[in-house]
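What follows is one structure encoded as structure tokens, with my remarks underneath.
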Amino acid sequence: YDKTQTLVNRQTLVHLFEWKWTDIANECESFLQHFGYGAVQVSPPNEHITVVQNNDMPWWIRYQPVSYQLSSRSGSSQEFADMVNRCNNVGVRIIVDIVLNHMVGVGQKSGQNGVGSSGPSSFDGTDNIESFPGVPYGSGDTNDARCHHDIDGSDYQNNANNVRECRLVGLLDLNQGSSYVQGKMVDYLNSLIDMGVAGFRADAAKHMWPNDLKAIFDATKNLRSDIFGQNQRAFIVQEVIDQGGEATHWDEYILNGRYTNFNYGAAVSRAAKGQSNWNGLTTLGPGYGGYGNGDDHDVLAFIDNHDNQRDDNTAVVTYKDGDRYKLAVAYMLAWTYGYPRVMSSYSFTDHNQGPPNNGAGNGFSTRGPSFNGDQTCNPNSGWVCEHRWPEIRAMALFRSACQGAAVSDLMTDNQRIAFAREFKGYFALNSGSGNWQFSGQTTLAAGTYCDVYSGALNGGSCTGASITVGSDGRASFNVPQSRAIAIHVNSRI
Ligand code: LAG
Ligand code: CA
């Protein structure tokens, strides 16, 4: 389950948070396939609650399932199927965010208090009623018999049972140990596999027993052989927040695929913010930092996600950090640890704020992005589209060009780091003050290369800095403050 199921030279995942299916289909065709992106993590496609508050519809309604029918703010079942086809046709895979831990929050009721559903199913989340005819589930399918209250803050340190069987922020907790519940979940995943998806991001995985998840995943079908070949299994990444000191551990989950390594983004963000040195990151890999960093094939690497980009005083850098954020993401895409996921956001000022929408009169339906001539998203559309930022999209192509090449010829000095990807590329970043001038061994063939961090190679001419590599593989660099330089075999002029 840890195999990414992407094309071999497209080892970058992008999370198109809250995008509509029709917009993602267009994005696969018009942009992603050309910039080295191999897969899209999409928001939960299942039917969910609707909530109106502050003349808006919050993003987190997607994490309160009403049924497993594919009817959501992102679109219909037909639109979902069309997206999967169109993306697969251009070699871009779809990874589905699956919410198996729970249903709606206790007390959520269809048709009352402005709360409804995105699809046809009725439901009633009143305590002890807990009725979801669209599945169907009832209160007997929850963990109420084992725990009938919320997870307590202290449970996270000392009670793994409660973390897994009590309610997460009041969300009705499903019993994944039940064969009936497992069957419903397997049917849901199989319906997605039949449509051609490549895998799953398992929401709130640490709130479920690893062996229950295993039973569910093991019972799913192989991926479609017409797309993925014979006997291929779904790619799985489990959302496990474990930065040490908890009762539940990341390594309990690797039997089921990868886990979200939150230690990675924190470590890179510290360096990007100048709170630690880049030379401390030269061993970022298995065992790094003493805790939480598993083997390369167990790890999903990312800088920020849709949750921690919203945290007050977040430990990670986000799109709001500008150049520092670009450096963090660039480092991730240049470095060789884990399968990297790029976050792609809409701009927000409030934690609950939903995606750009067409207003109350249109049921807050999502308004898709629009684009500038330079292929970035128009900020007036409300979408940030980090994945289209010139530096980040260039680094996704850098990763593609350097696929399989080892890191070598590391040079570092506190706020600076540079390294080669043997015979394929060279990367240097400078988060210190002043320019960084040095000569480095690039491992590249002699020639002139276009620095794709400051520009792009366009019809044989470079809009950025040109770097000359000598016959000895060495080149002189002048990396501006808060910037990076990246050259690779496909940026040779
Ligand atoms: C996740 N990963 O494990 C998601 O990444 C995260 O975004 C989800 O929380 C969480 N697990 C449950 O799927 C989000 C929001 C919560 C929100 C929840 C359900 O961060 O704030 O809770 O989705 O929509 C909301 C309210 C709570 C309320 C709850 C139940 O914010 O105050 O108690 O709904 O009604
Ligand atoms: Ca649970």
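The length gained on full extension between Asp226 and Asn378, counted as 0.36 nm times the residue separation minus their Cα-Cα distance, comes to 51.0 nm. Compared with the alpha-carbon gap, the fully stretched path from Val169 to Gln403 is longer by 80.1 nm at 0.36 nm per residue.
Taking every full run of DSSP H in the chain, the ones that stretch at least 20 Å from end to end by Cα along their long axis and average -0.5 or higher on the Kyte-Doolittle scale are 179-195. Calculated on the Cα set of the range 43-150, radius of gyration then Dmax: 15.1, 48 Å.
When the Cα positions of Asn26, Gly91, Gln53 are compared along the charge dipole of the range 23-95, Gly91 comes out farthest toward the positive end, with charges on each C-beta of Lys, Arg, Asp and Glu.
Compute the label zone of Val8 within the range 460-493: residues whose backbone N is under 18 Å from the point 7 Å along Cα-to-Cβ. Flagged as within label range: 489-490. With R₀ fixed at 22 Å, the C-beta to C-beta distance from Asn190 to Asn89 puts the FRET efficiency at about 0.50. Label-to-label distance, Asn435 versus Asp472, with points set 7 angstrom from Cα along the beta-carbon direction: 2.2 nm. In straight-distance terms, cross-link reach from Lys326 covers every one of the lysines whose alpha-carbon lies under 20 Å from its own, apart from those fewer than eight places away in the same chain; here that gives Lys273.
Three principal axis extents of the range 218-270 based on alpha-carbon atoms, in descending order, are 44, 25, 11 Å. Measuring from each cysteine beta-carbon in the chain, the ones with no other cysteine beta-carbon under 4.7 angstrom are Cys402. Mean sequence separation of contacting Cα pairs (under 8 Å, at least six apart), scaled by the length of the range 366-493, corresponds to a relative contact order of 23 percent. Coordinate range of the alpha-carbon atoms in the range 159-201 per principal axis, descending: 38, 21, 17 Å. With the helix formula -39500 (n - 2.57) applied to DSSP H stretches of n ≥ 4, the chain reaches a computed 222 nm mean residue ellipticity of -6000 deg cm²/dmol.
Here, P(r) means the percent of Cα pairs in each 20 Å bin from 0 to the largest distance; for the chain it is 23, 56, 19, 1. Taking only the C-alpha atoms of the range 351-493, the Rg (one decimal) and the largest Cα-Cα distance, Dmax (whole number), read 18.8, 66 Å. Residue-normalised convex hull volume from the C-alpha trace of the range 119-238: 110 Å³ per residue. The base-10 log of I(q)/I(0) for the range 311-401, evaluated at q = 0.24 Å⁻¹, reads -1.25 [Debye formula, identical scatterers on Cα atoms, solvent excluded]. Taking Cβ atoms as reference points and 13 Å as the exclusive limit, the residues near Asp409 contribute a net charge of +1, counting Lys and Arg as +1 and Asp and Glu as -1.
The ellipsoid equivalent to the alpha-carbon distribution of the range 88-187 has semi-axes of 24, 20, 14 angstrom, derived from the gyration tensor eigenvalues as √(5λ) and listed largest first.
Restricted to Cα atoms, the range 265-318 shows a radius of gyration and a Dmax of 11.7, 31 angstrom. Basic side chains Lys and Arg get +1 at the Cβ, acidic Asp and Glu get -1 at the Cβ, and with that the dipole of the chain about its Cα centre reaches some 1440 debye.
Pairwise Cα distances in the range 371-433 exceed 19 Å for 49 percent of all pairs.
Extent of the range 215-343 along its three principal axes (Cα atoms, max minus min coordinate, largest first): 47, 34, 29 Å.
Only the coordinates and a few stated rules stand behind these numbers; no lab work does. Small disclaimer: the values here were computed from a predicted structure and weren't measured. Methodologically, a virtual Cβ is constructed for each residue, glycine included, from the backbone with ideal geometry; neighbour enumeration extends over all protein chains shown.
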